[in-house]
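These notes concern the structure reproduced below.
The values are calculated or read from the model by the stated rules, or taken from the named source; none is laboratory data. On a predicted model such as this, the values are computed, not experimentally measured, just so you know. All Cβ positions, even for glycine, are placed from backbone atoms using ideal geometry, and neighbour counts span all protein chains on display.
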Amino acid sequence: MGQGGRGERIAMRRVCLLVNGPGELWGWARPLVRELSNCGFAVTVWLLSCPFATGLEELLAGSWNVEVVGPNGAFREFWEMRRGRRGIDLVLQLGGDLFFGRTLARAEGSPLACYTYGYKPGLSRCAAAWTAFEGMAEGLRKKGIRAEPIGDLVADALMVDDGISPWSSKESKKIALFPGSRPAIRKRALSYLGEVVKILKELDDGVEFAALLSPFCTREEMEMWFEAGLNPTTSGTRQVLADADMALTQPGTNTLELLHMAVPALVVVPFAFLRDIPVSGVKGWASGLPVIGGMFKEFVLRMAAKHRGYLSWPNRIAGREVLPEVVGVVKPQALAQLIFERLSDREWQSSCREELRRISAESASQGASARLCARLKELIS
């Protein structure tokens, strides 16, 4: 009886997820909210203000049958958090500045925990810090953070994907295109990728393409990609990648999706896109200045490229190049030729898939949501 009563009390506890931006909402919060609800938690999703928000995040979160708060602007969010009295038993920060998490947790008298891929100021003051891979945890430990690797939520997000496969032929060579999560970058990528695809089809008429766009993109943008002949889709990443022979991508969380689905890829950052790549902090502010902002951003990113480490997550986790990275002045003709060569190299594809599977297995891949729920129960009790 005592254990049952305790279970009922835990089942009614409320967890607040602080989410910053569409990426964390789709890739992290989506599978976690499902698991928390299945475990009997009440869930609040608090959408923090984000410069890359699309305006559709509240609609998506609202479809999960949970309480949704925000986004209301940083100043108003701060004051709403300070008021407290929301009955929140634990705050889990999935994105954004930990200042907001500390403010809310202090007002509610509840613990603050964080799931992150990397260091954040104030992380050492959290009651618990979790991450996806042992390599990520080791990097945090070097900064004095007691971090535990519990698996990658992105792997769980792939498992809750649903959609229809966009591929029309079983015999075709299939290439998935990831044009980026930011609207400005996708706009620049549209004509560029259109040219790459045109040249590739001339080199091999047995190639088929599917462009994986953000689930938050507009209908008008979808139509533009469709009219360009790039076969766009906004859902079913798992369905697309399950049959893909190869992918062309920019750096980002999507490289983790490729990792967990073991899809060989080229990671490309053309310098032509530099002014559209988001930059944070003071450099981001300076990049927004009239007239000189774009030139300043391009200069900063070109300098960073000269001293860069690995850009894609598989390479950063492995500490070596698993997915080839192409950074610089990349003409469509040269990129199309490189893709054609890799697409014809079955030995490279096989070894790349094998290495990606090995790295993914190190994160215990699927099940991060369930392990995180178990840790949250322990922390609350």
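Remarks
- Residue match in the range 191-213 (condition: under 19 Å from Gln239 (Cβ atoms) and of a type in the set (D, E, K, R)): yes
- In a residue-by-residue description of the range 366-373, the property of being in contact (Cβ under 8 Å) with a residue 24 or more places away in the chain and in contact with a strand residue (DSSP E or B) (Cβ under 7 Å, 6 or more places away or on another chain) applies to at least one position.
- Test for Leu323: is it at pLDDT below 95 and of a type in the set (A, V, I, L, M): no
- Qualifying residue in the range 44-59 (condition: aliphatic (A, V, I, L, M), without any contact (Cβ under 8 Å) to a residue 40 or more places away in the chain, under 20 Å from Val160 (Cβ atoms) and crowded, with 20+ Cβ neighbours inside 10 Å): yes
- Taking the conditions (1) in a helix (DSSP H, G or I); (2) within 17 Å of the chain's Cα centre (by Cα); (3) not charged (D, E, K, R) in turn, Phe216 satisfies each one other than (1).
- Just one residue in the set Gly84, Gly55, Gly62 is farther than 29 Å from Ile185 by Cβ, small (Gly, Ala, Ser) and in the same structural domain as Glu35 (by TED's automatic domain parsing); that residue is Gly84.
- Unmet requirement for Ser369, which otherwise passes all of (1) within 22 Å of Glu138 (Cα to Cα); (2) modelled with pLDDT under 95; (3) among the hydroxyl-bearing types (Ser, Thr, Tyr): (2)
- Gly294 being over 19 Å from Gly252 (Cβ atoms) and modelled with pLDDT under 95: yes
- Residue within the range 360-371 that is farther than 30 Å from Leu112 by Cβ and in a helix (DSSP H, G or I) present: yes
- Subset of the range 15-25 [touching a strand residue (DSSP E or B) at 6+ places or on another chain (Cβ under 6 Å) and in a helix (DSSP H, G or I)]: Leu25
- Here the range 233-271 is the region considered, the condition is being part of a loop (DSSP other than H, G, I, E, B) and polar (S, T, N, Q), and the residue that is surrounded by the fewest Cβ atoms within 10 Å (Cβ to Cβ) is Ser235.
- Contact map, the range 5-18: residues that are under 14 Å from Leu376 (Cα atoms) paired with residues that are polar (S, T, N, Q) and at pLDDT 50 or above, Cβ distance under 6 Å, separation 6+ or inter-chain. Pairs shown: Cys16/Thr44.
- Answer from Trp64, Trp28, Trp46 - the residue that is within 20 Å of the chain's Cα centre (by Cα) and part of a helix (DSSP H, G or I): Trp28
- Taking the criterion of being in contact with a helix residue (DSSP H, G or I) (Cβ under 6 Å, 6 or more places away or on another chain) and free of Cβ contacts under 8 Å to residues at least 24 places away in the same chain, the only residue of the range 224-259 that qualifies is Pro232.
- Among the residues of the range 328-373, just one is surrounded by fewer than 17 Cβ atoms within 10 Å (Cβ to Cβ) and among the β-branched types (Val, Ile, Thr), namely Val329.
- Taking (1) modelled with pLDDT under 90; (2) farther than 29 Å from Pro183 by Cβ in turn, Ala53 satisfies each apart from (2).
- Boolean, Glu378 is more than 26 Å from Glu134 (Cβ to Cβ) and without any contact (Cβ under 8 Å) to a residue 12 or more places away in the chain: no
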